[in-house]
C-alpha cells in the first residue's frame, strides 16, 4: 500500500469519528420536560393539551395528557421554553422552563376551573339574550332616529311660516300673503305630527330611566306640542276674520304670540338633544 492511500484512509476515519462524535453529542445534549396536569384536589386531568415552544426559534411541540394526567415531551435542545397547558372548562396556564444540556425537568401544573355565569348565580334564562327584546330595541332605535331626522326637516317649513307671517297680518296684508302663510302652516303641522308620531309610537323599553337632556327634551315637547295644536286653531280664526275684513281680536289675537313661543320651545328641544349634561 502506498503512503498516499494510507493518508487518505486515515483522513476518512478521522472525519467519520468527528461526525459520529458530533451526532452523539447532539443526542446527549437534548433534554425533556414531563409532569402531571391536575384539576383541583390533586386529580389528574386527562386529555389536556400541552404545548411547549422554543422562545428562540419559535418551534412548537404539542401533546396531550394520558388517562392519569401525565405528559412527556422529549428531544428538546437546550434553551428557554414556554410551556402552555389548556383544557376545555379550565383557565389556561403558561410557565417558563429553562433546559440545560442533557437536562430533564418535571413540571407539574394545576388548572383552575373557569368561572361561569351560572357559578355567579345567574340562571340560563338571565344569561341568554332575547331575540324579541333585541328586535324591540332595534325598532325603537330606528323610529327615534327617523324622529330626529324629520324633526330637522320640520324646522325648514316652520321657519318659512314665521317669515311669511309678516305678510299675513298687520296693516300690510294681502290675501296671497295669508294663503301662503296658511299653506306653510298646514305643511308644518303635518310634518310635525308625523315627526311626533315616530317618538310617541316607538316601542318602550321597561326600566329605562329618563334623565338629563332627554328629560328636558320631553318637557319642551309638552310646550311646543300644545303650541302646535293651538297655533293652527287660532290661525284659522284669525285667517277667517282677516278674510272678512274684520280686525283680529279675542283669542285669535294671541295667534302670533303662541306661534312664537311654540317656535322657541321647538328650537330649544332640538338643541337639548345636542347638549351633553
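In the P(r) worked out for the stretch 32-110, what percent of Cα pairs fall beyond 15 Å? It would help to have the intermediate numbers written out before the result.
Working: 1562 of 3081 pairs.
The calculated P(r) of the stretch 32-110 puts 51 percent of pairs beyond 15 Å.
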Scale the Cα Rg of the stretch 130-272 by the rule-of-thumb value 2.2 N^0.38 Å and send over the ratio, two decimals. 1.24
What is the fewest-to-most order of 66, 108 by other Cβ atoms lying within 10 Å of their Cβ? 108, 66
Scoring the stretch 32-110 by relative contact order with C-alpha pairs under 8 Å, at least six apart, yields a percentage of 38 percent
Each label sits 7 Å from Cα toward the beta-carbon; between residue 148 and residue 222 the label points are separated, in nm, by 2.4 nm
List the relative contact order of the stretch 130-272 as a percent without decimals, with contacts defined as Cα pairs under 8 Å and 6+ residues apart. 27 percent
Cα point-scatterer Debye curve for the stretch 200-277, base-10 log of I(q)/I(0) at q = 0.11, 0.17 Å⁻¹: -0.42, -0.73
So how much slack lies between residue 57 and residue 241, counting 0.36 nm per residue of separation and subtracting their Cα-Cα distance, in nm? 56.8 nm
Would you please state which residues of the stretch 212-232 a label at residue 273 would reach in this model, taking the label point 7 Å out along Cα→Cβ and a backbone N cut-off of under 12 Å? 214-215, 217-218, 221
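All of the numbers you see were taken from the coordinates with simple rules; none came from a lab. Worth saying up front: this structure is predicted, and the values here are computed from it rather than measured. All Cβ positions, even for glycine, are placed from backbone atoms using ideal geometry, and neighbour counts span all protein chains on display.
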